[in-house]
Amino acid sequence: MSTIANAVSPAIASKPDARSSLTTLKGLLPFLSPYKRQFVLAGIALLFAAGATLAIPYAFKQMIDLGFGAAGAKSTEHIDFYFLALFGVATVLAVSTAARFYAVSWLGERVTADIRSAVYRHVVTQSPQFFEITRSGEVLSRLTADTTLIQSLVGTSISMALRNAVLFVGGLGMMFFTSVKLAAIIIVLLFAVILPIIMFGRRVRTLSRDSQDRIADASAVAGEILNAMPTVQAYTHEKIEADRFGISVERAFATAIRRIRARSVLTVLAIVLVFGAIVFVLWLGAHAVMEGNMTGGELGQFILYSALVAGAVGALAETLGEAQRAAGATERLLELLAERSPIQSPAQPQALPPRMQAGASLALQDVTFKYPSRPQSASLSNFTLNVEPGETVAVVGPSGAGKTTLFQLLLRFYDPQQGRILLDGVEIRDLDLHVLRNAIGIVPQDSVIFAADAMENIRYGRVDATDQEVIVVAKMAAAHEFIEKLPDGYKSFLGERGVRLSGGQRQRIAIARALLKNPPLLLLDEATSALDAESERLVQSALEAAMAGRTTLVIAHRLATVQKADRIIVLDDGRLVETGTHASLVAQGGIYANLAALQFHGK
């Protein structure tokens, strides 16, 4: 799917507003091209169905002129033959229509599935910078509402458009075959009425895009609130949030009504103008029959072909409206696929050297970093740090000092604007992202639990781990005992975001996950912050055992958890201001000494 996504991006070179619907829909070609054979089969079935439809008026003409217009046994024979032929044509029409429906429906489902997969695969490779400005609810709306519109386009609208285009061309040809004069008049009138239809269709496209944007806004609001229900209810904001969502829904409804109103006007305009032109021409034909210049069968044939042509034009106008909506959805999806993460693996990544000692060496050289959303203030300034293999370094400092930023740079969620970061002597920009991140384990402050059972949540650290390996690390993280007490033990479903667990239990699951990964570099971001005193004691001893044989960086506000670190560094306002052991830093009487005094002596 990534190949498809890469093939799409050149189609996004110009601004969306500067493109026509057809140009926009060309962006779908990379998703359609793998299924040329299915398109050919659908096209063959479509041609048979259209041909059978076009044969019906001719059969009626023959019945009228050679059957009803004659007398005796010959007339009966003609009627029998043409009714039998008409049934045969109907059979061909039924079979070919069913084949066309199956083929295009399959294509619609297949292409939609490919688009959803491609968009999702692309989104999950984006850096955190992307998610700072893009709401998850909006992405979900693109994956559902927008792809559904494209499914309708590929699975129905394209087929209907081609079918009606064939009927329009074929019917028009047969109209010329029947009466050149009447057909010429109707062609001139059709060109006169189609132009305003096309012009009005552009407004439908704009409204369609606006409608999809409002739906995405409503989805984003709903997603945000549903993920924060305990907070919403704790602050008794249920009515406020329901009203806020209601306002968003009403905006989407109002925009949709404007779109529907415009499409309704487009439909009225198309039908009145087209059928008005046809009725006028048929009035001329009726006079031609009365004057003996046409037979009744020819007029009947011309009427039926006129009806087919008019119906085809009306259906094409309807399909154009669907295409306008799908074009708006396609624009949004292609824009999403065109997003490129600023964090990329190098074209020719280096390999990490063979590890000769326990843990990984780490070096940060004169690193300065500013978040893209806050370019005026540096989160780290001229930061330099060297960590030896197997060393445990604690990182402390007041909130906003840059501790978590340090971890995000090590994982290469962002790149610093200045300086270098080296892992085992290799700059991390030169490493493949997966190689870098596979060498690092992290226990975040806010542990993430997936909607799965306990076994799979821990196994997320290493998907090929055995059940026994999972149980071993669960025991190390002091999680085994409470997991065993769950209704189904390790197979117990933990709920969405781990709602069935306490904060401390979720944290121990996250610690077990990191231990299962067994990386040479371990990052602990307040790993024991959500634990009670007894659990903290158990986990702290487990972590101490886990730190052996690996390099560890520990962020902690609770200084009791870092006193045994080989070294403590103190950050303040993005700068390294103190370094040493617990005892030496307390003796210095600086920031660390003040923090220690507040925590240990309550001063």
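The values are calculated or read from the model by the stated rules, or taken from the named source; none is laboratory data. Everything numeric here is computed off the predicted structure, so don't read it as measured data. Positions of Cβ are generated from backbone atoms using ideal geometry, with glycine treated the same way; all protein chains shown enter the neighbour counts.
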Discussion item. I'd like the residue in the stretch 175-209 that is buried (at least 16 other Cβ atoms within 10 Å of the Cβ) and within 30 Å of ARG135 (Cα to Cα) and, out of all such residues, is modelled with the highest pLDDT.
Written reply: LEU207
Practice prompt. Specify which of the listed residues (ALA323, ALA401) is at pLDDT below 85, surrounded by 18 or more Cβ atoms within 10 Å (Cβ to Cβ) and assigned by TED's automatic domain parsing to the domain that holds ARG429.
Written response: ALA401
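Return yes or no: is ARG497 under 34 Å from the mean Cα position of the chain (by Cα) and at negative phi? I'd like the intermediate steps shown before the answer.
Details: under 34 Å from the mean Cα position of the chain (by Cα): yes; at negative phi: no.
No: the conditions fail for ARG497.
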Worksheet, complete the sentence: Apart from one, (1) at pLDDT 75 or above; (2) under 33 Å from the mean Cα position of the chain (by Cα); (3) surrounded by fewer than 19 Cβ atoms within 10 Å (Cβ to Cβ) all hold for GLN151; the odd one out is (3)
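For the stretch 351-399, give me every one of the strands (runs of 3 or more DSSP E) that falls completely inside it and has 1 or more residues that are on the phi > 0 side of the Ramachandran plot.
Working: elements: 362-369, 380-387, 392-396.
In the stretch 351-399, the matching strands (runs of 3 or more DSSP E) lie at 362-369, 380-387.
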Worksheet item: Can you name every residue in the stretch 344-354 that is under 14 Å from VAL435 (Cβ atoms) and either at pLDDT 85 or above or in contact with an Asp or Glu (Cβ under 9 Å, 6 or more places away or on another chain) (or both)?
Response: GLN344, SER345, PRO346, GLN348, PRO349, GLN350, ALA351, LEU352, PRO353
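Restricting to the stretch 264-295, what's the tally of residues that are in a loop (DSSP other than H, G, I, E, B) and loosely packed, with under 12 Cβ neighbours inside 10 Å?
Filtering the stretch 264-295 down to residues in a loop (DSSP other than H, G, I, E, B) leaves 291-295.
Now restrict to residues that are loosely packed, with under 12 Cβ neighbours inside 10 Å: 291-292.
Qualifying residue count, the stretch 264-295: 2.
Any idea how many residues of the stretch 159-186 are of a type in the set (Val, Ile, Thr) and touching a helix residue (DSSP H, G or I) at 6+ places or on another chain (Cβ under 7 Å)?
Initially, the stretch 159-186 is screened for residues of a type in the set (Val, Ile, Thr), giving 166, 169, 178, 180, 185-186.
Now restrict to residues that are touching a helix residue (DSSP H, G or I) at 6+ places or on another chain (Cβ under 7 Å): 166, 178, 185-186.
Residues meeting the conditions: 4.
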Practice prompt. Test ILE271 against the criterion of being over 30 Å from ILE449 (Cβ atoms), aliphatic (A, V, I, L, M) and touching a Ser or Thr at 6+ places or on another chain (Cβ under 9 Å), and give yes or no.
Written response: no
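Can you find a residue in the stretch 300-310 that is in the same structural domain as PHE131 (by TED's automatic domain parsing), aromatic (Phe, Trp, Tyr), farther than 30 Å from TYR120 by Cα and in a loop (DSSP other than H, G, I, E, B)?
Within the stretch 300-310, the first condition is being in the same structural domain as PHE131 (by TED's automatic domain parsing), and the residues that meet it are 300-310.
Still in the list and also aromatic (Phe, Trp, Tyr): 302, 305.
With the extra rule that they be farther than 30 Å from TYR120 by Cα, the set shrinks to 302, 305.
Filter again for in a loop (DSSP other than H, G, I, E, B), leaving none.
No, the conditions are met nowhere in the stretch 300-310.
Scanning for something of a type in the set (D, E, K, R), within 19 Å of PHE407 (Cα to Cα) and either modelled with pLDDT of 85 or more or in contact with a Leu (Cβ under 8 Å, 6 or more places away or on another chain) (or both), does the stretch 541-563 turn up at least one residue?
Let us first name the residues in the stretch 541-563 that are of a type in the set (D, E, K, R), namely 544, 550, 558.
If we keep only those that are within 19 Å of PHE407 (Cα to Cα) too, we end up with 550, 558.
Retained after the next criterion (residues that are either modelled with pLDDT of 85 or more or in contact with a Leu (Cβ under 8 Å, 6 or more places away or on another chain) (or both)): 550.
The answer is yes, given that some residue of the stretch 541-563 is of a type in the set (D, E, K, R), within 19 Å of PHE407 (Cα to Cα) and either modelled with pLDDT of 85 or more or in contact with a Leu (Cβ under 8 Å, 6 or more places away or on another chain) (or both).
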Item to complete: Identify the single condition in (1) free of Cβ contacts under 8 Å to residues at least 60 places away in the same chain; (2) touching a Ser or Thr at 6+ places or on another chain (Cβ under 8 Å) that ARG259 does not satisfy, given that it satisfies every other one.
Response: (1)
Worksheet entry | Condition broken by LEU423, with the remaining ones in (1) free of Cβ contacts under 8 Å to residues at least 60 places away in the same chain; (2) touching a helix residue (DSSP H, G or I) at 6+ places or on another chain (Cβ under 9 Å); (3) over 30 Å from GLY503 (Cβ atoms) satisfied | (1)
Practice prompt. Could you tell me which residue of the stretch 360-378 is nearest to THR392 (Cα to Cα), considering only residues that are surrounded by 12 or more Cβ atoms within 10 Å (Cβ to Cβ), modelled with pLDDT under 90 and in contact with a helix residue (DSSP H, G or I) (Cβ under 9 Å, 6 or more places away or on another chain)?
Written response: TYR371
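Out of all the residues in the stretch 498-512, is one or more touching a strand residue (DSSP E or B) at 6+ places or on another chain (Cβ under 6 Å) and assigned to a helix (DSSP H, G or I)? I'd like the intermediate steps shown before the answer.
Filtering the stretch 498-512 for residues touching a strand residue (DSSP E or B) at 6+ places or on another chain (Cβ under 6 Å) gives 510-511.
Going one step further and asking which of them are assigned to a helix (DSSP H, G or I), we end up with 510-511.
Yes, the conditions are met somewhere in the stretch 498-512.
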